[in-house]
Amino acid sequence: MSAQAQMRALLDQLMGTARDGDETRQRVKFTDERVCKSHLLNCCPHDILSGTRMDLGECAKTHDLALRADYEIASKARELFFELDAVDHLESFIADCDRRTELAKKRLVETQDEISAEVAAKAETVHELNEEIGKLLAKAEQLGAEGNVDEAQLILQEVENVRSRKRDAEEEYRNSMPASSFQQQKLRVCEVCSAYLGLHDNDRRLADHFGGKLHLGFIQIREKLEALKKTVIDKQEKRNQDRLKRREERENEERMKTRTKSQSRERSREHRSRSRERRRRRSSSRERRRSSRSRSRDRERRRRHRSRSCSKGHRHEPSTRHKSSRDRERSSRDHSRERSRKRGSSERRQDSRDQNGRTDSRRVQDRDRDTGDL
């Protein structure tokens, strides 16, 4: 890759697809199904194992560093859960690798001579020491390349100790089997990358294997898979907790709404009951007023009736049973007036009779006088 292409890739990785206003690159979004989600999470096996003897070639999906930058920017604002797709992809790849490892082990069992369990255990010890030496040498080389010379020297000293243990293990393994069988190359399958390892491999080859891109790439893929699984579990737990929290909030809101409705219904019932009580009180007060008015009218009628009956009784049938002294005096005065009235009327009738008698006598005299004249 030229320097210009490297700079372009670096700008894409830092700024995304919209760094230079190129609308054609923005037509494919990072959420598209054609985009590799493992590439967005920087764990696609096609990228990690490129240039090794297990190079997988180009990925069937789109790989673009600018889309990865877009994803990193968007993932800070919201959860996209692309880890699920990446976990499925890596699990499928690791499962294929484990199947190849098992097939390689079966082929070794078929091709190599059978040995006893004791000899196999001793050979296994030699293989484990070889792996430890190779890993330590690879780590020392990495530290030396980074400039940590002191730490690299400490690891090399540890390598010397492991080498002495390896020589002792090889001596035990050589003494436990015939010389002809010991000269046969014993192979072992690497559990990480399914590569073949020899029992008598030198330190240089072991260091090249354990520090090589293939072995480290498989380690990176496996570690990334475990990290993604843990991330998925954490996010699922967080999402479940958020769902439970939202559910509790909805339930609390529903309970509050139900409580509010019940309280409103209770208040409306109380209001209706108070209204009915007020109407009942109003109606009872109206009834009391009506009854009081009717009673007052009845009392007034009775009073008027008694007054009329009293006045009539005074005129026609005077009674002195329940009268007071004042009433008796009034009745006596009324009786005296009545007697004087009757006396005056009788005198007037007598006078009128006398006058009429005198008038009649005059008339007789005049009539007699007239007749005598004739």
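Label separation (ARG107 vs LYS230): 3.5 nm, computed from points 7 Å beyond Cα along the C-beta direction. For region 202-287, with all protein chains in place and a probe radius of 1.4 Å, 46% of the accessible heavy-atom surface sits on carbon or sulfur. Note that region 127-136 has calculated 3J(HN,Hα) couplings of 4, 5, 5, 4, 5, 5, 5, x, 5, 5 Hz, one per residue in order, obtained from phi through the Karplus relation 6.51 cos²θ - 1.76 cosθ + 1.60 (θ = phi - 60°); glycine and proline are x. Taking amide H atoms as placed 1.01 Å from N in the peptide plane, the amide H of TYR196 lies under 5 Å from those of CYS190, each 5 or more residues away in sequence or on another chain.
Find how much the distance from GLU124 to ASN202 grows on full extension, using 0.36 nm per residue of separation minus their present alpha carbon separation; answer in nm with one decimal. Kindly include the intermediate steps, with their values, before the conclusion.
Values: separation 78, 0.36 × 78 = 28.08 nm, distance 1.63 nm.
Length gained, GLU124 through ASN202: 26.5 nm.
Roll a 1.4 Å probe over the protein chains and send me the accessible area per residue for region 191-263 in Å². Write out the running numbers ahead of the final one.
On the way: 4880 Å² over 73 residues.
Heavy-atom accessible area per residue stands at 67 Å².
For LYS235, a cut-off of 27 angstrom between C-alpha atoms picks up these lysines, skipping any fewer than 8 places away in its own chain: LYS29, LYS37, LYS61, LYS76, LYS224, LYS245.
The values are calculated or read from the model by the stated rules, or taken from the named source; none is laboratory data. This one's a predicted model, so the numbers in the text were calculated from it and none came from an experiment. Backbone-built Cβ (ideal geometry, glycine too); neighbour counts: all protein chains shown. We work out accessible area using only protein heavy atoms, side chains counted, and drop any ligands, DNA or RNA first. Shrake-Rupley method; radii C 1.70, N 1.55, O 1.52, S 1.80 Å.
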